[in-house]
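Working notes, structure below.
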Amino acid sequence: MLLGIWGASAVAMSLGWAWQQHSRNAGIVDVLWSAGLGASAITLAILGEGAGAPRIALAVLAGVWSIRLAIHLAHRVLSEPEDGRYAHLRAHWRGDGVKFFLFFQLQAALIPLFSLPFYAVARNPLPGISSWLVLGVVIWCATITGEAVADRQLATFRADPAHRGMTCRRGMWRYSRHPNYFFEWLHWFAYVALAIGSPAFALAVAGPVVMYVFLRWLSGIPYTEAQALRSRGEDYRDYQRTTPMLFPWFPRPSPRPIA
């Protein structure tokens, strides 16, 4: 099943690559990645060998998560210029279509990797509405709500032209430089709870571990902060000095006044 998901993801990413060649906006890769994960979860839930309750929970929870994130990202892609991270890559690669194609295919290969927790849940034989299933739903509701609120707070801040070149320090963004990433990471623990009792439970644990590695060191925070430093300079450096990177906590006093 995972090989089939990889193949379907590769086709979808190829179409996305062709679209960005015309639109010059590679942000579509994020939309396809989140939508692909949701489609993968639903597919595994339908074809899985586990009990009905965890499979239904998987399809609903991962499906809704995917749709919300894909719509949020698609709105940004269609209404804003290309994300600065991808614009920087485009300039660095001098618009090389082959390099962008390989980049899109790398994202396709990551979809089955991040689908491993879904596979574990789909094989869970634990029937009925167990306490672990309830816990998974509670974790999912809390984290998706937190991520949606953080996204809305940032979108509202960015929508005001007076904030151009400034860093959002409002709401959740006062206590973490990446509250959306924080809740996104926590969200994967919902599938750990849903997979308790599965013979493939260890694969579910890989979800939050792999997501943390990618967010912390590979494709999330490093690229986002590099772009923030390019676009906001000293204002963002001050934000880095005063505000925790991922895990929310009270900010330290700023060594300089903030307008």
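Select, from ALA74, ALA59, ALA108, the only residue that is farther than 27 Å from LEU229 by Cα, assigned to a helix (DSSP H, G or I) and touching a residue at least 24 places away in the same chain (Cβ under 8 Å).
Criteria check complete, one pass: ALA108.
Any idea which of (1) under 17 Å from the mean Cα position of the chain (by Cα); (2) loosely packed, with under 14 Cβ neighbours inside 10 Å is the one PRO253 doesn't satisfy?
All conditions are met except number (1).
With the checklist (1) part of a loop (DSSP other than H, G, I, E, B); (2) of a type in the set (S, T, N, Q); (3) surrounded by fewer than 16 Cβ atoms within 10 Å (Cβ to Cβ) in hand, flag the one item ASN124 doesn't pass.
So ASN124 meets the others, but not (3).
Evaluate segment 228-235: report whether one residue or more is within 21 Å of the chain's Cα centre (by Cα), buried (at least 16 other Cβ atoms within 10 Å of the Cβ) and modelled with pLDDT under 95.
Checked segment 228-235: at least one residue is within 21 Å of the chain's Cα centre (by Cα), buried (at least 16 other Cβ atoms within 10 Å of the Cβ) and modelled with pLDDT under 95.
Looking only at segment 89-104, which residues are assigned to a helix (DSSP H, G or I) and surrounded by fewer than 16 Cβ atoms within 10 Å (Cβ to Cβ)?
Selection gives ALA91, HIS92, GLY97, VAL98, LYS99, LEU102.
Within segment 215-228, can you find the residues that are touching a helix residue (DSSP H, G or I) at 6+ places or on another chain (Cβ under 6 Å) and farther than 22 Å from PHE250 by Cα?
Listed by number, the residues that qualify are GLY220, TYR223, GLN227.
What residue, of PHE182, PHE189, PHE214, PHE247, is under 17 Å from the mean Cα position of the chain (by Cα) and modelled with pLDDT under 95?
Going through PHE182, PHE189, PHE214, PHE247 in turn, just one is under 17 Å from the mean Cα position of the chain (by Cα) and modelled with pLDDT under 95: PHE214.
How many residues, within segment 73-105, are at pLDDT 90 or above and within 12 Å of VAL31 (Cα to Cα)?
Qualifying residue count, segment 73-105: 6.
Output the number of residues of segment 12-56 satisfying the condition of being touching a residue at least 40 places away in the same chain (Cβ under 8 Å) and either touching a Lys or Arg at 6+ places or on another chain (Cβ under 8 Å) or in a helix (DSSP H, G or I) (or both).
So the count comes out to 31.
Can you find even one residue in segment 24-36 that is under 30 Å from HIS88 (Cα atoms) and more than 21 Å from the chain's Cα centre (by Cα)?
yes
The values are calculated or read from the model by the stated rules, or taken from the named source; none is laboratory data. All values reported here derive from a predicted model rather than from experimental measurement. Here the Cβ is made from the backbone with ideal geometry for all residues, glycine too, and neighbour counts use every protein chain on show.
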